[in-house]
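Report on the following structure.
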Ligand SMILES: Nc1ncnc2c1ncn2[C@@H]1O[C@H](COP(=O)(O)OP(=O)(O)O)[C@@H](O)[C@H]1O
Ligand SMILES: [Mg+2]
């Protein structure tokens, strides 16, 4: 049996499927997709450029994207980060963690799944050297390992990072993307049996940056991955995290936070592949949008394969539209090929800033600007607390404050939709 | 001593079909220390009056005035009104996810007083006010009104009134949906604030029940967007036995005769 849940079909097969569309609002800022072409399982993946052609923009996986702005990253020949590319990767690692720079031929590369779209395949074919971060067997990292990906130009560049948590190790790795860049990137994540790994990827690019990134994670027996994506800066950011379970007892928690301003395109397309029994996935993405032309896309594909009995999955996306002229697309998509599941559900909601909340707070003496701050901080509060990496949490609170200051000055200036004011 | 004066107030509500007139010439004067009960059938415009005083953007004032100690209330923003000392306990308090009660109360107190309350006193004040209203300590950490029962929301409104100490409070059907115990606890809270601050109170209710705990100095019967009859507490007793029937359409003459 295959069940694809979309608004048109929210059947609940045996096994406790819950789908929640009750909170989704059709207010123009929210749209569900058409039923995807075929099953997500049938999507072609390959290391070969020839297998995945340059998209036209009409493909399912590109239909929301500004392909013209991403086009430089579709080219066959990109430069690697060390071969004249404009991107530098530096790592400050915890004492227990090792870092290597390796060539393309290193056999550890390319083990966490294959590229699934054009920018993923150009990233794979374009990089010259990869950064490999290894948390050795049974090591417990005493500090955060920080990978800084810094851009300094707009030459189309490819880069590759591999994070490996060996058996029963524990670590937190934070990838930071800063500066100006036109970058397609692969982040491979291998979580071996019993390891607990947190990977945080922050996209805090300067204006003008174009960034695509294919995150591909493999999660072993009883292993746990917390995968956090934070997207704030850059013109176009498109992240496609894939998580695949390779043995029973695995858990993945995927958390995302994004804040889009005028003319920013921020896209997050997730794929969780429950290929084996008794694994658990939780996806929680929340975004705020403000300003003319701010566009966010969230697509959450979850596939529960026929063998994946006892799967427990839930995904949620919420968007808060702060001003007119912004658009949030949200497409949860759950495919279930077995009835023997623990639980499966999704929820998606996009709402405008709630004037009743504003009134309530103002009626207690709180000025409008401060009231808006409280509401937006409140919207993200729980998610930020869930990240569990203190330095990241603090940075996020500051970043939200910064973003809010932009919209507040637009509101104070009398025009919440003034694109220039919030750009 | 403060005075809130409402003169010939006309208010429309925005609807999809355009503005709809609700209040049709309301006159009321409320001084510090006075308790005024407004009683009226559902849909008579009681909440509209409450929201208009607080400044809800959905309600358009099309005529008349509201002044507070001579200041033009209608010219003030919602938060300015609150900082001037006007408080509204809402009939349907709003949920604010992710904002804790303690953060909310402290932010509001700081805004109203113009400075942060001294921490030690504040913590004590919040605790004792919560105890007085039989609210569990755990409330402080919960999101504002989120998942609160009807009774909990009303207690939370009165908690705010106790802590913010307004000069003038409108209580919009604070009694609705409360069981007898909760009604008594909430009423005691209102009486505490009233006694300790000498606030003027406009108590909006559909039922006379709450008036057994909070004694009004004046009772106004509100029908079809204006005050149809006024009197002392004895008017509430009459409403208790007779209901609103004589004020409703078809009984227009007897109503006007009674108020004449
Ligand atoms: N947003 C609105 N849209 C349309 N009609 C409204 C709206 N708000 C209030 N009304 C109408 O105004 C009248 C008075 O409402 P309200 O002030 O809530 O009365 P009360 O509090 O006395 O029950 C009612 O007829 C109600 O239906
Ligand atoms: Mg009402």
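The values are calculated or read from the model by the stated rules, or taken from the named source; none is laboratory data. Predicted model, so just to flag it, every value in this text is computed and none were measured. Heads up, the Cβs are rebuilt from the backbone with ideal geometry, glycines too, and the neighbour counts pull from every protein chain shown.
Here's a check for you: in the stretch B:194-213, which residue that is more than 16 Å from ligand 1 (Cβ to nearest atom) and surrounded by fewer than 22 Cβ atoms within 10 Å (Cβ to Cβ) is nearest to the chain's Cα centre (by Cα)? It comes out as B:194. Those helices (runs of 4 or more DSSP H) of the stretch B:54-165 in which at least 2 residues are more than 14 Å from chain A (Cβ to nearest Cβ), considering only elements entirely within it, cover B:119-132, B:150-164.
Against the conditions (1) more than 25 Å from residue B:198 (Cα to Cα); (2) more than 16 Å from ligand 2 (Cβ to nearest atom), residue B:2 satisfies every one except (1).
Among the residues making up the stretch B:29-48, those that are within 15 Å of ligand 1 (Cβ to nearest atom) and in contact (Cβ under 8 Å) with a residue 60 or more places away in the chain are B:37, B:38, B:39, B:40, B:41, B:42, B:44, B:45, B:46, B:47, B:48. Scanning the stretch B:44-53 for residues that are under 15 Å from residue B:227 (Cα atoms), more than 12 Å from chain A (Cβ to nearest Cβ) and either over 16 Å from the mean Cα position of the chain (by Cα) or not in a loop (DSSP other than H, G, I, E, B) (or both) yields B:46, B:47, B:48, B:49. Within the stretch B:38-69, the set of residues being touching a helix residue (DSSP H, G or I) at 6+ places or on another chain (Cβ under 8 Å), within 16 Å of ligand 2 (Cβ to nearest atom) and within 18 Å of residue B:166 (Cβ to Cβ) comprises B:38, B:53, B:54, B:56. Which residues, counting only those in the stretch B:134-168, are in contact (Cβ under 8 Å) with a residue 60 or more places away in the chain and within 16 Å of ligand 2 (Cβ to nearest atom)? Correct list: B:153, B:154, B:157.
A search for C-beta distances below 9 Å between a residue of the stretch A:375-400 that is within 14 Å of chain B (Cβ to nearest Cβ) and any residue that is crowded, with 21+ Cβ neighbours inside 10 Å and in a loop (DSSP other than H, G, I, E, B), counting only pairs 6+ apart in sequence or on different chains, returns A:376/A:322.
Table: residues versus (1) at pLDDT below 95; (2) surrounded by 15 or more Cβ atoms within 10 Å (Cβ to Cβ); (3) in contact with a helix residue (DSSP H, G or I) (Cβ under 9 Å, 6 or more places away or on another chain).
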{"site": "A:46", "(1), (2), (3)": "no, no, yes"}
{"site": "A:101", "(1), (2), (3)": "no, no, no"}
{"site": "A:125", "(1), (2), (3)": "no, yes, yes"}
{"site": "A:131", "(1), (2), (3)": "no, yes, no"}
{"site": "A:135", "(1), (2), (3)": "no, yes, no"}
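Can you find a residue in the stretch A:260-267 that is buried (at least 24 other Cβ atoms within 10 Å of the Cβ), closer than 25 Å to residue A:174 by Cα and touching a helix residue (DSSP H, G or I) at 6+ places or on another chain (Cβ under 8 Å)? Yes, the stretch A:260-267 has at least one match. Does residue A:86 satisfy the condition of being over 22 Å from the mean Cα position of the chain (by Cα), surrounded by 15 or more Cβ atoms within 10 Å (Cβ to Cβ) and at pLDDT 50 or above? It is true that residue A:86 is over 22 Å from the mean Cα position of the chain (by Cα), surrounded by 15 or more Cβ atoms within 10 Å (Cβ to Cβ) and at pLDDT 50 or above. Taking into account only those residues within the stretch A:355-369 that are touching a helix residue (DSSP H, G or I) at 6+ places or on another chain (Cβ under 7 Å) and surrounded by fewer than 19 Cβ atoms within 10 Å (Cβ to Cβ), which is modelled with the highest pLDDT? That would be A:367. If you go through the stretch B:106-127 and keep only what is surrounded by fewer than 18 Cβ atoms within 10 Å (Cβ to Cβ) and within 23 Å of the chain's Cα centre (by Cα), you end up with B:110, B:113, B:125. When B:14, B:5 are checked against the criterion of being part of a strand (DSSP E or B) and within 13 Å of ligand 1 (Cβ to nearest atom), a single residue qualifies: B:14.
Considering only residues in the stretch A:379-423 that are buried (at least 17 other Cβ atoms within 10 Å of the Cβ) and more than 28 Å from residue A:178 (Cβ to Cβ), the one that is modelled with the highest pLDDT turns out to be A:411.
The strands (runs of 3 or more DSSP E) falling completely within the stretch A:259-374 that include 2 or more residues that are away from chain B (no Cβ under 14 Å), under 15 Å from the mean Cα position of the chain (by Cα) and more than 30 Å from residue B:79 (Cβ to Cβ) map to A:265-274, A:280-289, A:295-304, A:312-321, A:327-336.
Here is a list: B:188, B:240. Which entry is away from ligand 1 (no atom under 16 Å from the Cβ), away from chain A (no Cβ under 14 Å) and modelled with pLDDT under 95? Break it down into steps so the answer makes sense when it comes.
Working: B:188 fails: modelled with pLDDT under 95.
That would be B:240, the only listed residue that is away from ligand 1 (no atom under 16 Å from the Cβ), away from chain A (no Cβ under 14 Å) and modelled with pLDDT under 95.
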